[in-house]
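The values are calculated or read from the model by the stated rules, or taken from the named source; none is laboratory data. Bear in mind that the values here come from a model prediction, so they are computed numbers and not experimental data. Ideal geometry is used to build each Cβ from the backbone, glycine not excepted, and the neighbour counts take in all protein chains shown.
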Amino acid sequence: MSKGMTKIQKYLLIRGYLKTVPNLKVENYSIDRCLEAIPKDYLDREMEKLIREGLLDENGLITSKGRKYIKVGVIGGVFDLLHIGHVNILKRAKEHVDILIAIIATDETVKKMKNRVPLHKQEWRREVINSLKYVDAAIIGEEKEFRIPLVKIDPDVIFLGYDQKIPPGISREEIRDKEVVKLNFKIEGVKTSKIIEKLDLL
């Protein structure tokens with residue numbers, strides 16, 4: 001099936017996967033915006049094929065068999081002041097996977113990890129990142145258990161920025177079957193803390 005899979009069928013698998021992840025808003029899926037331009041009868045026929053192959057269930061949700069046909073990646077961050085460094089790292093991450101999900105740090109996590117109050121509340125930050133074309137969906141992280149979003153998403157790839165590490169509370173054993181990719185991309189002088197300092201925002 002993978003050799004003969006059309007782009008539309010791949011999109012339907014992606015949508016079927018996203019619908020299985022808790023706390024994602026269906027109306028915000030970028031993949032739905034792509035599918036809106038496709039005639040409904042054509043989409044229905046493609047759905048039927050995927051259901052017959054056992055890649056989607058009758059409700060359009062991805063099956064364990066279908067999950068093998070898509071590559072999912074996650075990337076975490078505060079994303080408080082969106083800048084060119086963020087956009088470039090998200091673009092590079094998306095080039096490696098079919099689905100990129102961003103995990104947005106909670107307001108409380110920002111206070112603890114960055115020793116400052118975020119300029120924008122977590123839901124606003126999520127909405128901004130969710131609107132970018134390189135991100136298929138964004139989810140707000142957990143304050144106490146950083147591993148919970150990873151359990152929900154079950155990614156194939158975990159992306160880290162040049163200054164990031166695996167979050168505390170997540171053991172190497174827990175992610176032994178995941179690919180960890182360090183995106184060592186940096187634009188000199190472009191960093192949220194430096195922008196905040198320059199603009200005297202705090």
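Kindly indicate whether L81 is at negative phi, assigned to a loop (DSSP other than H, G, I, E, B) and of a type in the set (A, V, I, L, M). Judged against the criteria, L81 is a match.
Here is a yes/no grid of residues against (1) crowded, with 17+ Cβ neighbours inside 10 Å; (2) touching a Pro at 6+ places or on another chain (Cβ under 8 Å); (3) under 24 Å from R15 (Cβ atoms); (4) modelled with pLDDT of 80 or more:
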position	(1), (2), (3), (4)
E95	no, no, yes, yes
D98	yes, no, yes, yes
V151	no, no, yes, yes
D156	yes, no, yes, yes
P168	no, no, no, no
R172	no, no, no, no
I175	no, no, no, yes
E188	no, no, no, no
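Which one is farthest from H86 (Cα to Cα), of the residues in the range 133-172 that are of a type in the set (V, I, T) and in contact (Cβ under 8 Å) with a residue 60 or more places away in the chain? If we take residues in the range 133-172 being of a type in the set (V, I, T) and in contact (Cβ under 8 Å) with a residue 60 or more places away in the chain, then I153 is farthest from H86 (Cα to Cα). If I filter the range 136-149 down to residues being of a type in the set (G, A, S) and over 21 Å from S64 (Cβ atoms), which single residue comes out as surrounded by the most Cβ atoms within 10 Å (Cβ to Cβ)? Ranking the qualifying residues of the range 136-149, first place goes to A138. State yes or no: is K65 closer than 13 Å to V157 by Cβ and modelled with pLDDT of 95 or more? So K65 fails the test. Note on the range 144-175: residues that are under 13 Å from the mean Cα position of the chain (by Cα) and of a type in the set (D, E, K, R) amount to 3. Checking the structure you have, find out if any residue of the range 57-66 is of a type in the set (A, V, I, L, M) and either surrounded by fewer than 16 Cβ atoms within 10 Å (Cβ to Cβ) or in the same structural domain as L160 (by TED's automatic domain parsing) (or both). Yes, because at least one residue in the range 57-66 is of a type in the set (A, V, I, L, M) and either surrounded by fewer than 16 Cβ atoms within 10 Å (Cβ to Cβ) or in the same structural domain as L160 (by TED's automatic domain parsing) (or both).
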